[in-house]
There are 2 protein chains.
Amino acid sequence: MTPTIDSDRLWQSIMDMAEIGPTPEGGSCRLALTSEDTAARALFLRWCKPLGLHHDQDAIGNMFLRRAGSDTTAPAIAFGSHLDTVPTGGRFDGIAGVLAGLEVLRALHDAGIATRAPLELVNWMNEEGSRFSPAMMGSRVAAGELPLARALAITDDAGISVAQALADSGQGGALTPAPRDWSAWLELHIEQGPVMEATGAEIGIVVGTMHARYFQITVTGEPSHVGPTEMNRRHDSLAAAAEVIMEVERAGLAAEPGGRASTSWIENTPNARGNVPHITRLHFDVRHNSQEAAVAMDASLRQSMSGIAERRGVRIDVNPYAAFGPIAFDRRLGALLRQKAAARQLTTRDMIAAAGHDSVFMAPLVPSAMLFVPSVAGITHNPKEYSTKEQVARGAQVLLDAVLELAGI
Amino acid sequence: MTPTIDSDRLWQSIMDMAEIGPTPEGGSCRLALTSEDTAARALFLRWCKPLGLHHDQDAIGNMFLRRAGSDTTAPAIAFGSHLDTVPTGGRFDGIAGVLAGLEVLRALHDAGIATRAPLELVNWMNEEGSRFSPAMMGSRVAAGELPLARALAITDDAGISVAQALADSGQGGALTPAPRDWSAWLELHIEQGPVMEATGAEIGIVVGTMHARYFQITVTGEPSHVGPTEMNRRHDSLAAAAEVIMEVERAGLAAEPGGRASTSWIENTPNARGNVPHITRLHFDVRHNSQEAAVAMDASLRQSMSGIAERRGVRIDVNPYAAFGPIAFDRRLGALLRQKAAARQLTTRDMIAAAGHDSVFMAPLVPSAMLFVPSVAGITHNPKEYSTKEQVARGAQVLLDAVLELAGI
C-alpha cells in the first residue's frame with residue numbers, strides 16, 4: 001500500500017507558514033532574502049529536522065534537502081518550488097509546492113519507507129523577482145543561464161545587492177550553483193488561473209509554457225512647465241508612456257485567449273507637480289501560447305512605439321532584455337502524473353503555464369514536469385489567493401505517488 | 001535723471017547664482033531649503049550687505065530686505081520673486097525677479113538716491129513646490145491662505161518636514177508670517193512662454209492669471225499575476241491611470257489656446273515586474289483663461305473618470321485639493337508699468353500668467369502687478385531656459401522706473 005498524504009498536516013503547515021510576513025488582508029509578504037523570507041526558511045528547516053535530511057545550500061541561496069536512497073549511486077528524484085512571495089502575495093503560490101514536497105517526505109518517514117533513489121526537496125531563491133530582478137533567480141543561476149557574479153551584483157530599489165542580502169541574511173551557502181545529480185524534477189504549483197475550476201479538473205498536467213518576451217523602455221521628452229507651456233509645444237514623456245501602456249493593453253486584449261501583454265512597472269522623472277515629465281521608464285511583457293504570435297505582438301508594439309515617438313517628438317529606447325519559452329515539459333513524466341491522478345480517480349486536464357516557474361530552467365537539464373492544483377476564482381498574487389485543503393492534498397498525493405514510482409522501493 | 005540698470009552687473013549676478021546647484025546641462029537645481037537653496041540665500045545676503053539693508057526673516061523662511069525711506073511712516077514699495085528652482089530648473093525662473101530687484105537697489109545705492117517710501121526686496125520661500133507641496137508656500141502662508149502650523153507639518157518624499165528643513169538649514173526666522181506694511185507689490189518674471197518672442201513684445205504687462213484646478217486621484221484595482229491572469233479578468237490600476245492621463249491630455253488639447261491640462265506625478269503600487277498594479281495615484285491640473293471653461297473641463301474629466309472606473313471595475317477617488325484664480329492684477333500699477341516701458345521706447349503686450357506666482361497671493365492684500373521679460377523659444381523649467389542680458393536688463397529698468405515713481409524722492 002502506498003503511503004497517504006496527511007491533508008490536515010499539510011494544510012496546517014501552509015497556514016503556519018503564512019504567519020510569517022502576514023499582510024492586513026490575510027496574505028503574505030516575504031520578498032526574497034528579507035527577514036521574513038529568512039524566517040520562513042528557518043521554519044522550513046525546523047520542519048525538515050526530524051526527517052533526517054541532509055541540508056545543502058548554494059551560493060545563490062537555493063536550499064536542497066536530501067533524503068538518502070538505498071542505492072547510493074542512483075541520481076535523485078527532485079521536487080519543490082519556492083517560499084518567497086510578491087508584495088501582495090497569497091499563501092499558496094510557491095509555498096504549496098515546497099510544503100507538498102515536505103508532506104511527501106513526512107508521509108514516507110511516517111510509513112518507514114526507504115526509496116531506492118534519493119529524494120531531494122528544493123526551495124529556490126527569489127522565484128518572484130519582486131525585490132531583485134530577474135525572477136526565477138536561484139534556478140536561473142543553478143541552470144547556468146545567469147552567471148553567479150552577475151546575479152550577486154544585482155541591486156534592489158534601496159541599492160542593496162543580492163550579495164549583500166545573502167550575507168546579511170546568512171543565506172549564502174558553500175555550494176557552487178550548478179545542475180544537480182537528478183533524474184527527474186517535479187513541481188506542484190497552484191494554477192493561478194480559472195480554467196481548472198471552470199472545467200472541473202482536479203489535477204492540471206502542465207505540458208508546457210507560454211512564450212514570454214520582456215521589455216524595458218525609456219521615453220525621453222523635454223522638461224517644461226505645465227502652466228505656460230501650451231499642449232502642442234510639449235514633449236511629455238508621461239503622456240507618451242501612457243499611450244504605450246494603452247497600446248500594450250490593446251495588444252494583450254487582441255491576443256486573448258492565447259496571449260496577454262502587461263505593463264507592471266513605471267518610473268517618472270522629475271515626478272514633480274507642475275513639471276511636464278521628461279523621462280519615463282516602463283517595464284512590460286508580452287506572452288503567448290504561440291511563439292510566432294508573441295513575436296508578431298512584439299513587432300506590432302515596436303511599430304506603435306515608433307509612431308508614438310515620431311508623432312510626439314520624444315525618443316523611445318526599447319530594451320528587449322529577456323525572453324523565455326516556450327518550454328515543453330517531459331512527456332513521459334506528464335503521462336506518469338496523468339496515470340497517477342487517474343489511479344486516484346482524479347480528473348485531469350492538460351495545461352499551459354502562463355507564469356514563469358523555476359521548472360522552466362530545469363526542463364533543459366533534466367526530465368521535468370509540473371502539476372497544477374486549482375486556484376479558487378483564478379485569483380493570484382493577491383491576499384485572496386486560495387486553494388482548498390482537499391485540492392492541495394490531492395495534488396500532494398499525486399506528487400507522492402509519482403515520486404515513489406520514479407524512485408522505486 | 002533717473003538711475004540706470006547696470007546690465008552687465010545684473011547678468012553677472014544671475015550667472016553667479018547659477019553656479020549654486022548646477023546641473024550637467026547648464027541649468028540649476030535648488031529645491032527649497034536644501035543645502036543649495038541655503039547657499040543661494042547666503043550669497044544673496046552677501047550681495048545685500050554693502051547696500052545697508054535691514055534683514056527680516058519670517059518663520060516660514062521668507063526673506064525681507066528693507067531699504068529705509070525718508071518718510072519713516074510711509075508703507076513700503078515691495079518687489080522680488082524666488083530663488084528656489086524645480087529639479088530641472090533653469091537660471092531665470094524666479095531668480096531674474098529677485099536679482100533684478102537687487103539691481104534696482106544697487107543702482108539707487110550707486111546713484112546716492114534716497115526714496116521717500118521704504119523699499120523692500122523679497123525672496124519667497126518654496127515658490128516651486130517641487131520638494132514640499134503646495135507651491136508658493138511662503139507667500140501663501142504670509143497671506144494667511146495656509147496656516148503656518150499646517151505648512152510646517154508638510155513633508156517631502158523623504159519624510160522630512162518643512163519645520164525640520166527650516167531648522168536644519170537655519171532658515172526659520174523670528175517674524176510671524178503676516179501681510180506686510182506695503183502699498184504696492186511688483187514682480188518681474190520670465191514669461192515662460194513663446195508669445196512675447198513671437199509678437200516682438202519687450203515687456204509683458206501681466207493683467208491677470210489663468211484659473212487653475214488641482215487634483216490628486218487614487219485608482220484602486222485588484223492585484224494579480226500578469227502571466228496567468230487573462231486580460232478580461234484584470235482590474236489594472238495602472239492601465240486605468242494611463243487612460244486617465246490620456247483623457248487629461250485630450251482635455252488640454254481641446255482647450256487650446258486658452259486652456260491646458262497636465263498630469264505631472266504618478267505613484268504605482270506594487271510597481272513590481274510581473275504584478276498587475278492595483279493602486280495608482282496621479283496628480284493633474286487643469287488651467288484656463290476662463291474659470292467657466294476650467295470648471296467645464298473639470299466636470300468633463302470627472303465624467304470620463306467615472307466611465308473608466310465603471311468599465312474597468314476599479315475605484316477612482318478624486319481629491320480636488322486646490323484651486324486658484326483667476327486673479328486680476330491692479331490696473332493702476334499695470335498702467336504705470338506700461339507707461340514706464342513706453343517712456344523707454346519698449347514695446348509692451350498685455351499678458352495672462354499661466355503659471356502660479358507668489359503675486360497671486362499678494363494681489364488680494366495689496367495693489368500688485370507683474371511684468372514679464374521674454375523667454376527664448378518659450379522654454380522653461382528646463383536647463384535651456386533663457387532670456388538675453390538685454391531682455392532682463394530692460395525689465396529691470398522698467399521695474400526701477402516704476403519703483404522710483406511709486407516711492408517718490
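Say the dipole of chain A comes from +1 at the beta carbon of Lys and Arg and -1 at that of Asp and Glu; which of A:S7, A:Q291, A:A353 then lies farthest toward its positive end?
The Cα lying farthest towards the positive end belongs to A:Q291.
Could you tell me how many cubic angstrom of Cα convex hull volume the range B:127-249 has per residue?
Numbers: hull volume 25.9 nm³, N = 123.
Taking the convex hull of the Cα positions in the range B:127-249, it is 211 Å³ per residue.
When Lys and Arg each count +1 and Asp and Glu each count -1, what net charge do the other residues less than 11 Å away from A:Q291, Cβ to Cβ, add up to?
Values: positive: A:R213, A:R287; negative: A:E292, A:D298.
Within the 11 Å Cβ shell, the charges total 0.
Quick check on the exposure proxy: order B:H211, A:H109 from fewest to most C-beta atoms within 10 angstrom.
On the way: B:H211 21, A:H109 15.
Lowest to highest Cβ neighbour count: A:H109, B:H211.
Among the lysines, select those whose C-alpha is under 21 Å from the C-alpha of A:K340, and discard any that sit fewer than 8 residues away in the same chain.
Straight-distance partners of A:K340: A:K389.
Which whole number in µm²/s is D for the range B:104-191 by Stokes-Einstein, with the Kirkwood Rh taken over Cα pairs at 25 °C and 0.890 mPa s?
Numbers: Rh = 15.1 Å.
D, rounded to a whole number, is 162 µm²/s.
Among B:D358, B:D236, B:D285, determine the one that fluctuates most according to a GNM of chain B built with springs between C-alpha atoms less than 10 Å apart.
Per the Cα network of chain B with a 10 Å cutoff, B:D236 tops the list.
Tell me, what ³J(HN,Hα) does each residue in the range A:92-100 have, in order and in whole Hz, if you take phi through Karplus 6.51 cos²θ - 1.76 cosθ + 1.60 with θ = phi - 60° and put x for Gly and Pro?
10, 4, x, 4, 4, x, 5, 7, 5
How about B:K49: which aspartates and glutamates have a C-alpha closer than 18 Å to its C-alpha, ignoring those fewer than 8 places off in the same chain?
B:D16, B:E103, B:D110, B:E120
On the Cα set of the range B:6-115, report Rg and Dmax in Å, please.
14.5, 49
Per the Kirkwood treatment, what hydrodynamic radius in Å, one decimal, follows for the range A:211-324 from the mean inverse distance over all distinct Cα pairs?
Numbers: mean 1/r = 0.0694 Å⁻¹.
Over the range A:211-324, the inverse of the mean reciprocal pair distance is 14.4 Å.
Hey, rough spin-label estimate for B:A114 and A:T72, points 7 angstrom out along Cα→Cβ, what's it come to in nanometres?
10.8
What is the magnitude of the charge dipole of the range B:211-323 about its Cα centre, with +1 placed on the Cβ of each Lys and Arg, -1 on the Cβ of each Asp and Glu, and no other charges, expressed in debye to the nearest 20?
Working: 12 positive and 13 negative charges, 29 e Å.
Roughly 140 debye, rounded to the nearest 20.
Report, in degrees rounded to the nearest 10, the 0 to 90 angle that the Cα long axis of helix A:35-48 makes with the longest principal axis of chain A.
With rounding to tens, the tilt is 10 degrees.
Among A:M137, A:T72, A:V104, flag the residue with its Cα farthest along the positive direction of the charge dipole of chain A, charges on Cβ as +1 for Lys/Arg and -1 for Asp/Glu.
Positive-end residue among those listed: A:T72.
Ratio of chain B's C-alpha Rg to 2.2 N^0.38 Å, to two decimals?
Details: Rg = 22.7 Å, N = 409, 2.2 N^0.38 = 21.6 Å.
Cα Rg divided by the expected 2.2 N^0.38 Å: 1.05.
Within 12 Å, Cβ to Cβ, of A:N232, how many net charges do the neighbouring residues add up to if Lys/Arg are +1 and Asp/Glu are -1? Mind dumping the intermediate values first?
Values: positive: A:R233, A:R234, A:R311, A:R312, B:R260; negative: A:E230, A:D236, B:E249, B:E256.
Net charge in that neighbourhood comes out at +1.
Quick one: order B:E292, A:E187, A:E405 by neighbouring beta-carbon count within 10 Å, fewest to most. If you can, show how the numbers build up before the last one.
Numbers: B:E292 9, A:E187 31, A:E405 14.
By the 10 Å Cβ count, ascending: B:E292, A:E405, A:E187.
What does the charge count near B:F324 come to, summing +1 for each Lys or Arg and -1 for each Asp or Glu among other residues with Cβ under 14 Å from its Cβ? Write out the running numbers ahead of the final one.
Working: positive: A:R273, B:R140, B:R213, B:R287; negative: B:E127, B:E145, B:D285, B:D298, B:D358.
With Lys, Arg at +1 and Asp, Glu at -1, the net is -1.
Using C-alpha positions alone, give me the convex hull volume of the protein assembly as shown per residue in cubic angstrom. Display every interim value, and only then the final one.
Working: hull volume 121.4 nm³, N = 818.
Hull volume normalised by residue count: 148 Å³.
Return a whole-number percent for the relative contact order of the range A:211-324, with Cα pairs under 8 Å and 6 or more residues apart as the contact set.
In percent, rounded to a whole number, it is 44.
Identify which of A:V314, A:V162, A:V392 has the largest mean-square fluctuation in a Gaussian network model of chain A, with springs joining Cα atoms closer than 10 Å.
Maximum among the listed residues: A:V314.
Which parts of the range A:104-125 would a label at A:H54 reach, counting a residue when its backbone N lies under 20 Å from a point 7 Å out along Cα-to-Cβ?
A:105-106, A:108-109, A:113-124
In whole Hz, with x marking every Gly and Pro, tabulate ³J(HN,Hα) for the range A:245-261 from phi via Karplus 6.51 cos²θ - 1.76 cosθ + 1.60, θ = phi - 60°.
Result, rounded to whole Hz: 4, 5, 5, 4, 5, 4, 4, x, 4, 5, 8, 4, x, x, x, 7, 8.
Give the residue from A:T263, A:P277, A:V248 lying farthest towards the positive end of the charge dipole for the range A:211-324; charges sit on Cβ (+1 for Lys and Arg, -1 for Asp and Glu) and the dipole is referred to the Cα centre.
A:P277
Sequence-distant or interchain residues sharing an amide H contact under 5 Å with B:E191, placed H: which?
Residues meeting the amide H criterion: B:V373, B:S375.
Of B:P22, B:P270, B:P194, which has the largest mean-square fluctuation in a 10 Å C-alpha GNM of chain B?
B:P270
Report the relative contact order of chain A, percent, no decimals, based on alpha-carbon pairs under 8 angstrom and at least 6 residues apart.
Computed over chain A, the figure is 24 percent.
Just the projected area, averaged over all directions, of the convex hull on the alpha carbon atoms of the range B:152-207: how many nm²?
On the way: hull surface 29.1 nm².
Averaged projected hull area, Cα only: 7.3 nm².
Kindly give the distances from A:E267 to its copy-mates, label point to label point, with each label point 7 Å from Cα along Cα→Cβ, as nm values to one decimal ordered shortest first.
Taking the point 7 Å beyond Cα along Cα→Cβ, the inter-copy spacings are 1.8 nm.
What do you get when you divide the Cα radius of gyration of the range B:289-381 by 2.2 N^0.38 Å, with N the number of residues? Please list the in-between numbers first.
Values: Rg = 19.3 Å, N = 93, 2.2 N^0.38 = 12.3 Å.
Computed over Cα atoms of the range B:289-381, the ratio equals 1.57.
Kindly write out, for the range A:222-228 in residue order, the coupling ³J(HN,Hα) from the Karplus curve 6.51 cos²θ - 1.76 cosθ + 1.60 (θ = phi - 60°), rounded to whole Hz, with x marking Gly and Pro.
After applying 6.51 cos²θ - 1.76 cosθ + 1.60, I find 9, x, 6, 9, 5, x, x Hz.
Taking H as built 1.01 Å from N, whose amide H comes closer than 5 Å to the amide H of B:S224, not counting residues under 5 places away?
Close amide H contacts, sequence-distant or interchain: B:V276.
For A:S237, A:S139, A:S13, what ranking results if the residue with the fewest other Cβ atoms within 10 Å of its Cβ goes first? Let's see the in-between values first.
On the way: A:S237 26, A:S139 29, A:S13 22.
In increasing order of surrounding Cβ atoms, one gets A:S13, A:S237, A:S139.
Rounded to the nearest Å, what's the spacing between the alpha carbon centres of the range B:152-189 and the range A:299-334? Just the number, please.
If you average the Cα positions of each part, the centres end up 49 Å apart.
Report the charge-dipole magnitude of the protein assembly as shown in Debye, nearest 20, computed about the Cα centre from +1 at each Lys and Arg Cβ and -1 at each Asp and Glu Cβ. Numbers along the way, then the final one.
Working: 70 positive and 92 negative charges, 61 e Å.
Using only the charged Cβ atoms, the result is roughly 300 debye.
Values quoted throughout were computed directly from the atomic coordinates according to the rules given, and no laboratory measurement underlies them. Worth saying up front: this structure is predicted, and the values here are computed from it rather than measured. Positions of Cβ are generated from backbone atoms using ideal geometry, with glycine treated the same way; all protein chains shown enter the neighbour counts.
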